[in-house]
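Visitor: Just dropping this structure here.
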Amino acid sequence: MNKFDLETLSIAHQDVVTNIRRWLEQMVVGLNLCPFSHNVIAQDQVHYAICDATIDAQLKQFYVDELQRLLEANESDIATSLLIFTRGLEEFDDYLALLDWFQELLENAELTEHVQLASFHPQYQFEDVAANDLGNFTNRSPYPIIHLLRQVQVTKALSHVSDPEKIYIDNINTLNRLGRQQVEALCPWGKKKS
């Protein structure tokens, strides 16, 4: 679905992709939270895969299909894939359980040298971090998302970064400088529910 025409999607899916693109433009690229994302987005090499399924077997098949699509595609066509889940994973713990299964499959299939997973969720919360900490917004997105990254691209991008660990710290500092009001205005879905 990279280089796709939004008009070929259902209205609901058009809205999903529009929301994801806005999040990418405003947060991920706009705040430089991922210094490697600009080029693949600008070159329209992101594949947006939308899953409305809620049944475990269907979720897992969706993942297998999208993983295969990425591995078989030319890197210049699909550099990276965003697996977007529209239903059934609203609870962060449910999302984490599925993410664990996806990671286990990747390891069992010996594909970790080819693909890496990154995780995003509207209620993302890092372990041992307070729920209202602004740092959580680095991984908060409009929908539950599992990002499939090509390992070769990650390695190439990181080779130009002197201290990769500093990216995460810089991101938190950026959000803290913006302040809660501005961050929550950019990510209204990410406000912690009372």
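Visitor: Scan segment 171-189 and tell me whether some residue there is acidic (Asp, Glu), assigned to a helix (DSSP H, G or I) and surrounded by 13 or more Cβ atoms within 10 Å (Cβ to Cβ).
Guide: Restricting attention to segment 171-189, the residues satisfying the condition of being acidic (Asp, Glu) are 184.
Then drop every residue that is not assigned to a helix (DSSP H, G or I), which leaves 184.
Within this subset, residues satisfying the condition of being surrounded by 13 or more Cβ atoms within 10 Å (Cβ to Cβ) are 184.
Yes, because at least one residue in segment 171-189 is acidic (Asp, Glu), assigned to a helix (DSSP H, G or I) and surrounded by 13 or more Cβ atoms within 10 Å (Cβ to Cβ).
Visitor: Would you confirm, using the coordinates I've provided, whether Ala131 is touching a residue at least 40 places away in the same chain (Cβ under 8 Å) and of a type in the set (Gly, Ala, Ser)?
Guide: On the way: touching a residue at least 40 places away in the same chain (Cβ under 8 Å): yes; of a type in the set (Gly, Ala, Ser): yes.
Yes: the conditions hold for Ala131.
Visitor: Looking only at segment 22-43, count how many residues are part of a loop (DSSP other than H, G, I, E, B) and either under 19 Å from Gly135 (Cβ atoms) or within 14 Å of the chain's Cα centre (by Cα) (or both). It would help to see each step written out before you state the result.
Guide: Here is the first cut: in segment 22-43, the ones part of a loop (DSSP other than H, G, I, E, B) are 30-36, 43.
After this cut, where a residue has to be either under 19 Å from Gly135 (Cβ atoms) or within 14 Å of the chain's Cα centre (by Cα) (or both) as well, the list is 30-36.
Number satisfying all stated conditions: 7.
Visitor: What's the number of the condition Ser37 fails, among (1) out of contact with any helix residue (DSSP H, G or I) (no Cβ under 6 Å at 6 or more places or on another chain); (2) closer than 30 Å to Arg177 by Cβ; (3) of a type in the set (Gly, Ala, Ser)?
Guide: (1)
Visitor: Could you tell me whether segment 98-112 includes any residue that is within 25 Å of Val183 (Cβ to Cβ), surrounded by 15 or more Cβ atoms within 10 Å (Cβ to Cβ) and out of contact with any strand residue (DSSP E or B) (no Cβ under 7 Å at 6 or more places or on another chain)? Don't jump to the end; show me each part of the working.
Guide: Just the residues of segment 98-112 that are within 25 Å of Val183 (Cβ to Cβ), to begin with: 99.
From what is left, the residues that are surrounded by 15 or more Cβ atoms within 10 Å (Cβ to Cβ) are 99.
Keeping just the survivors that are out of contact with any strand residue (DSSP E or B) (no Cβ under 7 Å at 6 or more places or on another chain) gives none.
Scanning segment 98-112, I find no residue that is within 25 Å of Val183 (Cβ to Cβ), surrounded by 15 or more Cβ atoms within 10 Å (Cβ to Cβ) and out of contact with any strand residue (DSSP E or B) (no Cβ under 7 Å at 6 or more places or on another chain), so the answer is no.
Visitor: Looking only at segment 8-21, which residues are hydrophobic (A, V, I, L, M, F, W, C) and in a helix (DSSP H, G or I)? Walk me through how you get there before you give the answer.
Guide: Our first condition is that a residue be hydrophobic (A, V, I, L, M, F, W, C); within segment 8-21, this holds for 9, 11-12, 16-17, 20.
Across segment 8-21, the qualifying residues are Ile11, Ala12, Val16, Val17, Ile20.
Visitor: Another question, if that's okay. From Asp94, Asp163, grab the single residue that is without any contact (Cβ under 8 Å) to a residue 24 or more places away in the chain, in contact with a Gly (Cβ under 8 Å, 6 or more places away or on another chain) and not hydrophobic (A, V, I, L, M, F, W, C).
Guide: Working: Asp163 fails: in contact with a Gly (Cβ under 8 Å, 6 or more places away or on another chain).
Of Asp94, Asp163, the one residue that is without any contact (Cβ under 8 Å) to a residue 24 or more places away in the chain, in contact with a Gly (Cβ under 8 Å, 6 or more places away or on another chain) and not hydrophobic (A, V, I, L, M, F, W, C) is Asp94.
Visitor: Restricting attention to segment 67-89, which residues are out of contact with any helix residue (DSSP H, G or I) (no Cβ under 8 Å at 6 or more places or on another chain) and either polar (S, T, N, Q) or surrounded by fewer than 19 Cβ atoms within 10 Å (Cβ to Cβ) (or both)? Step through it out loud before you land on a result.
Guide: Here is the first cut: in segment 67-89, the residues out of contact with any helix residue (DSSP H, G or I) (no Cβ under 8 Å at 6 or more places or on another chain) are 68-74, 76-77, 87.
Within segment 67-89, Gln68, Arg69, Leu71, Glu72, Ala73, Asn74, Ser76, Asp77, Arg87 qualify.
Visitor: For residues that are touching a strand residue (DSSP E or B) at 6+ places or on another chain (Cβ under 9 Å), of a type in the set (A, V, I, L, M, F, W, C) and within 30 Å of Ser162 (Cβ to Cβ), tally how many sit in segment 37-81.
Guide: Total meeting the criteria: 5.
Visitor: Then there's this: Restricting to segment 48-87, give me the number of residues that are closer than 16 Å to Val115 by Cβ, among the aliphatic types (A, V, I, L, M) and not in a helix (DSSP H, G or I).
Guide: Final tally of qualifying residues: 6.
Visitor: Looking only at segment 88-122, which residues are assigned to a loop (DSSP other than H, G, I, E, B) and charged (D, E, K, R)?
Guide: So the first thing to find is which residues in segment 88-122 are assigned to a loop (DSSP other than H, G, I, E, B), and the list is 88-91, 109-114, 121-122.
Answer for segment 88-122, where residues must be assigned to a loop (DSSP other than H, G, I, E, B) and charged (D, E, K, R): Glu90, Glu91, Glu110, Glu113.
Visitor: Additional query: Please state which one of Ser76, Ser119 is farther than 19 Å from Lys191 by Cα and either in contact with a Leu (Cβ under 8 Å, 6 or more places away or on another chain) or at pLDDT below 95 (or both).
Guide: On the way: Ser119 fails: farther than 19 Å from Lys191 by Cα.
Ser76 is the lone residue from the list that is farther than 19 Å from Lys191 by Cα and either in contact with a Leu (Cβ under 8 Å, 6 or more places away or on another chain) or at pLDDT below 95 (or both).
The values are calculated or read from the model by the stated rules, or taken from the named source; none is laboratory data. Since we're looking at a predicted model, the values are computed, not measured. Reconstructed Cβ throughout: ideal geometry from the backbone, glycine too, with neighbour counts over all protein chains shown.
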